[in-house]
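What follows is a set of notes on a single structure, which appears directly below.
Quick note: the coordinates plus some simple rules give every number you see, no bench work behind them. These figures come from a predicted structure and were not determined experimentally. Cβ atoms come from the backbone with ideal geometry, glycine included; neighbour counts cover every protein chain shown.
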Amino acid sequence: MTTISYSPRRGLIWAVLRLHRVPLWAWTVMVIVGAGGLIWLYELGQEAARESVRCGVGGTGTGALQCATEMRYEGNELDFAQLFAWLPFGAACAGAALIGRELEHGTATLAWTQSVSPVRWLAVKLAVPAVALLSGTAALTLMFRWVWGSGPDNGVNRWSSQYFNAAGSVGPAYVLLGLALGALAALLTRRTLPAVGLALVGIGLAYNLGNGVRFLLWPASEVRGPLGSALNHVYQLDSGMIMESGKHVSGLDCNDQAVPGDLSTCLSDHGAVDFYAKIHPTSHYWPIQLVETGIVLALAAAAVASAFWVLRRRLP
């Protein structure tokens with residue numbers, strides 16, 4: 001006679017999947033809908049790119065229609081980027097609700113009496129949603145980059161916070177941080193609604209701090225001379241004029257000059273010899289992405305470690 005082996009760890013994973021099957025299915029549907037929307041956006045971008053040369057200011061006929069298509073593509077692309085920016089907040093709510101509800105209703109204590117240690121319980125409770133959220137977010141991020149790279153160059157600066165978080169490794173990292181903060185908040189409060197509020201405050205602070213210090217994470221480059229449209233696809237930190245003494249004076253420009261376009265006269269009027277700008281060019285995009293991703297993942301790891309510490313401290 002053969003004996004059926006039973007693994008408490010595997011049984012706990014299936015129990016978590018079954019208990020939280022509704023949010024997991026809802027997340028799956030959201031990912032599928034998001035992927036379908038991105039495929040539609042890709043087709044719209046291809047339609048706009050095919051006749052981009054016929055779109056011009058004051059265009060008529062097909063050109064005017066093409067301009068409308070390109071503007072519609074640009075607006076929808078930004079809408080998708082803004083929606084993806086909210087995913088970490090959803091992850092924070094999920095982490096707080098999934099763990100806070102069991103602590104509040106006492107089902108966690110019941111699970112701890114069924115050959116499941118509290119540490120293993122928390123590990124599985126974090127691992128299952130982490131895998132689901134990370135895989136779905138990574139898939140949507142890759143698809144967004146595919147749409148972005150194949151669409152028309154509509155002049156949008158992808159260094160903006162929405163695009164930056166939607167098109168790189170930073171977005172999935174913030175999702176993991178949101179989940180970890182939600183779990184920590186649930187263990188601290190042992191109530192679902194207070195945990196959700198605390199987790200949202202935490203991920204909001206982290207998100208805004210990341211947007212504020214992001215471009216200090218990598219040394220900026222300095223370029224000189226009149227730049228004009230060369231600054232369209234870079235992130236500009238500072239600009240101004242270089243004085244005869246070599247001093248850089250920020251904020252000086254030629255917008256108020258009497259003869260537009262006469263840059264040499266403008267420089268002479270200000271006692272300057274050249275223009276300058278401190279920027280992050282395209283080559284800095286991935287270094288900044290990876291540095292911020294590492295910092296966010298380190299914060300997520302610290303939040304997870306704190307959650308386990310709080311759990312051990314508050315064991316019944």
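Summary of computed values
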{"read-out": "Cβ-defined net charge surrounding Pro129, 15 Å radius [Lys, Arg +1; Asp, Glu -1]", "value": "+3"}
{"read-out": "Segment 235-280, relative contact order in percent, only Cα pairs under 8 angstrom and at least six apart counted", "value": "55 percent"}
{"read-out": "Residue exposure sequence - Lys247, Lys278, Lys125 - by fewest surrounding Cβ within 10 Å", "value": "Lys247, Lys278, Lys125"}
